[in-house]
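**Student:** One structure, as structure tokens, below. Some questions next.
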Amino acid sequence: MSAPTFETILLDRKDGIATITLNRPDRMNAFTGQMMMEMIQAFDITDADDSVKVVVVTGAGRAFCAGADLGSGDKTFDYAKQDGNPRDKFMVNGVYRDGGGLLTLRIYESLKPVIAAVNGAAVGIGVTMQLAMDIRLASTEAKFGFVFARRGITPEAASSWFLPRLVGLQQALEWCYTGRVFPAQEAKDGGLVRSLHAPEDLLPAAYALAREIADNAAPVSVALTRQLMYRNAGAPHPMDAHMSDSRAIMARGAQGDAKEGVMSFLEKRPPAYPDKVSSDLPDVWPYWEKREFK
């Protein structure tokens, strides 16, 4: 499956792992509407490609993503005044959907696990885009900042939903109220990142984790597990989780992966799971209302 030619990102697929690299190193990978659209397209590609088991996201050069590109000056966040704004088609009832939110909602829907390898500065959308990713590893040189209040705006990218769930309300509010940039160690201590690594060890560590998933876990089971965790995190009662868990375990138990998982264990050999995310993913949420922007 060939990939389109991107201008602001790179997409590489090899041995079951896809790497999305934010690729505007001369601008510290600053986020633009085009980058948003290209990243969404990249996740469409990785979801459709059954050879991809895990997605790793990182940045080119010395930054992960330095936030929104401020090249438009005082019009940067006044979308109605931006000529040729690619987000115009995402206007609903007179309100612009923010580009960061379009991206994080697409990552939320990903059928493949997503690992962030944060190689440098990650502020604004550079950090909020990570909140919908599953596991965040960071370089010891990385820095983070929810700088929105210092730019006269508010947190975006659905971060008011994601961030408190990851780090707790008190920590989320402190980081967003102050808008200060903080070091990688504080991000780890606060629960934002899973582990810190020397710069040269960051991508190898991310790929080692991705490899463990890709080589051992059934892709359909991983896809379902990801959505069970995310969707049920907001469920009003554990009965909702019980309903979807029950449907999932019943559906998976009848599929080929369950048989292969048991037999490969008993026969002490690597598994060769037959089911595919593109064609064999059970629908375990028949009651789940599709979320529409109002």
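The values are calculated or read from the model by the stated rules, or taken from the named source; none is laboratory data. Bear in mind the structure is a predicted one, so any value in this text is a computation, not a measurement. Glycine gets a Cβ as well: all are built from the backbone with ideal geometry, and neighbour counts include every protein chain shown.
**Student:** Take the conditions part of a helix (DSSP H, G or I), hydroxyl-bearing (Ser, Thr, Tyr) and crowded, with 16+ Cβ neighbours inside 10 Å and apply them to Tyr230. Does it pass?
**Tutor:** So Tyr230 passes the test.
Okay, residues lined up against (1) modelled with pLDDT of 95 or more; (2) at negative phi; (3) more than 23 Å from the chain's Cα centre (by Cα); (4) surrounded by 15 or more Cβ atoms within 10 Å (Cβ to Cβ):
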residue: Pro238; (1), (2), (3), (4): no, yes, yes, no
residue: Ser244; (1), (2), (3), (4): no, yes, no, yes
residue: Arg247; (1), (2), (3), (4): no, yes, yes, yes
residue: Asp257; (1), (2), (3), (4): yes, yes, yes, yes
residue: Met263; (1), (2), (3), (4): yes, yes, yes, no
residue: Glu267; (1), (2), (3), (4): yes, yes, yes, no
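**Student:** Just checking, which of Met28, Met35 is buried (at least 21 other Cβ atoms within 10 Å of the Cβ) and at positive phi?
**Tutor:** Selected residue: Met28, the only one of Met28, Met35 that is buried (at least 21 other Cβ atoms within 10 Å of the Cβ) and at positive phi.
**Student:** A further question follows. Within the range 165-204, which residues are within 18 Å of the chain's Cα centre (by Cα), of a type in the set (Gly, Ala, Ser) and part of a helix (DSSP H, G or I)?
**Tutor:** Ala187
**Student:** Another question about this same structure. Check whether at least one residue in the range 172-185 is acidic (Asp, Glu) and either in contact with an Asp or Glu (Cβ under 6 Å, 6 or more places away or on another chain) or loosely packed, with under 14 Cβ neighbours inside 10 Å (or both), and report yes or no.
**Tutor:** no
**Student:** Please verify whether the range 205-218 includes one or more residues that are under 21 Å from the mean Cα position of the chain (by Cα) and modelled with pLDDT under 95.
**Tutor:** Looking through the range 205-218, none of the residues is under 21 Å from the mean Cα position of the chain (by Cα) and modelled with pLDDT under 95.
**Student:** Right, here's the next one. How about the range 119-154: which of its residues are closer than 15 Å to Leu105 by Cα and either acidic (Asp, Glu) or modelled with pLDDT under 95 (or both)?
**Tutor:** Asp134
**Student:** Still on this structure, I have one more. From the set of residues in the range 269-292 that are touching a helix residue (DSSP H, G or I) at 6+ places or on another chain (Cβ under 9 Å) and of a type in the set (Ser, Thr, Tyr), which is modelled with the lowest pLDDT?
**Tutor:** Among those that are touching a helix residue (DSSP H, G or I) at 6+ places or on another chain (Cβ under 9 Å) and of a type in the set (Ser, Thr, Tyr), it is Tyr287.
**Student:** Could you tell me which residue of the range 196-211 is nearest to Ala122 (Cα to Cα), considering only residues that are loosely packed, with under 15 Cβ neighbours inside 10 Å and either outside the structural domain of Leu173 (by TED's automatic domain parsing) or not acidic (Asp, Glu) (or both)?
**Tutor:** Filtering the range 196-211 for residues that are loosely packed, with under 15 Cβ neighbours inside 10 Å and either outside the structural domain of Leu173 (by TED's automatic domain parsing) or not acidic (Asp, Glu) (or both), the one nearest to Ala122 (Cα to Cα) comes out as Pro199.
**Student:** In the list Ala42, Ala30, which residue meets the criterion of being outside the structural domain of Arg226 (by TED's automatic domain parsing) and more than 20 Å from Ser139 (Cα to Cα)?
**Tutor:** Just a single option satisfies the conditions, and that option is Ala42.
**Student:** Let me ask something else. Based on this model, can you work out whether Ala187 counts as in contact (Cβ under 8 Å) with a residue 40 or more places away in the chain, of a type outside the set (D, E, K, R) and more than 25 Å from Leu102 (Cβ to Cβ)?
**Tutor:** For Ala187, the condition - in contact (Cβ under 8 Å) with a residue 40 or more places away in the chain, of a type outside the set (D, E, K, R) and more than 25 Å from Leu102 (Cβ to Cβ) - is not met.
**Student:** Tally up the residues in the range 140-164 that are of a type outside the set (A, V, I, L, M, F, W, C) and more than 18 Å from the chain's Cα centre (by Cα), please.
**Tutor:** Final tally of qualifying residues: 7.
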